[in-house]
Amino acid sequence: MMKNIKALLVAILLNTATIAFGQDVQMHYSNKIDTDTATQLSLKLDNKTYLKIDVQADLSSKKTAVFNLYTSKNGVVSKFDMGIPSQMSGISIKNKEGISIEVMMKQQQDSVALSFAVDGRVMDLMIPRNYTIPFPEGRICNYIPMETYLDQPISINDEIPIFAVTGGICGAMDFMGTPMSTQDYCGLRDKHQHPKEWVNIDDVHNYCFYTIEFH
């Protein structure tokens, strides 16, 4: 019997990217660690995958930013109860020109742990310490924090997806007669679909994503 070889097709992710949502909001993503805050996050999570999101907008009419977590398990998308009072999830907006979010992620077997920083402040209460991933049977996946690009315009009055934790599009290929399992992150990202729609794209069923609302 031919031995199965599992391989990852990991597309190269750009260090920085910017996307404009209509005229109201711009999202700037970076994988480059350029702040001291990231060191605090890495100490908590043993220095794993890092993503920075800068949300640039005129927030002069807004007072707080609220983060929401959505999970998709076996193709069912639902809002996740973070288990904390709602008033604790609202973060006071100090910079009326935008907000900066830093994320450090560590994968541990079938779960990931996340640590957040907002405008340089590490936030321990609003994000669950571990998120369990229901892995496909007989398959090992590598998950990453990934950008959530959208084609449709979004304003500061909308609930805006900021990033997702995903294994990308999982598939299979034959390489010189040897079956291999594959993961395509960029192929999913570059479809520019709202993450709530990923369950309808190429059997992407198990992931989570975060949104931000301004009030």
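The values are calculated or read from the model by the stated rules, or taken from the named source; none is laboratory data. Here the structure is a predicted model, which means the values were calculated and not measured. Counting neighbours? That spans all protein chains shown, and the Cβs are built from the backbone with ideal geometry, glycine included. These accessible areas exclude ligands, DNA and RNA; they are computed on the full protein's heavy atoms, side chains included. Shrake-Rupley method; radii C 1.70, N 1.55, O 1.52, S 1.80 Å.
Numbers at a glance
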quantity	calculated
Residue match in the range 38-50 (condition: of a type in the set (V, I, T) and either exposed (fewer than 14 other Cβ atoms within 10 Å of the Cβ) or at pLDDT below 90 (or both))	yes
Those residues of the range 168-190 which are within 12 Å of M146 (Cβ to Cβ), assigned to a loop (DSSP other than H, G, I, E, B) and either of a type in the set (V, I, T) or open to solvent by 60 Å² or more (accessible area, probe 1.4 Å) (or both), in sequence order	D190
Residue match in the range 143-155 (condition: assigned to a loop (DSSP other than H, G, I, E, B), out of contact with any Ser or Thr (no Cβ under 8 Å at 6 or more places or on another chain), hydrophobic (A, V, I, L, M, F, W, C) and on the phi < 0 side of the Ramachandran plot)	yes
Residue among S78, S61 that alone is at pLDDT below 95, in a loop (DSSP other than H, G, I, E, B) and farther than 23 Å from S30 by Cα	S61
Residue list for the range 95-120, restricted to those being at pLDDT below 90 and out of contact with any strand residue (DSSP E or B) (no Cβ under 6 Å at 6 or more places or on another chain)	Q107, Q108, Q109, D110
Close pairs from the range 30-49: first farther than 11 Å from A117 by Cα, partner of a type outside the set (G, A, S) and part of a loop (DSSP other than H, G, I, E, B), Cβ under 6 Å, at least 6 apart	N31/N15; K32/N15
Some residue of the range 194-206 being closer than 30 Å to T64 by Cβ and in a loop (DSSP other than H, G, I, E, B)	yes
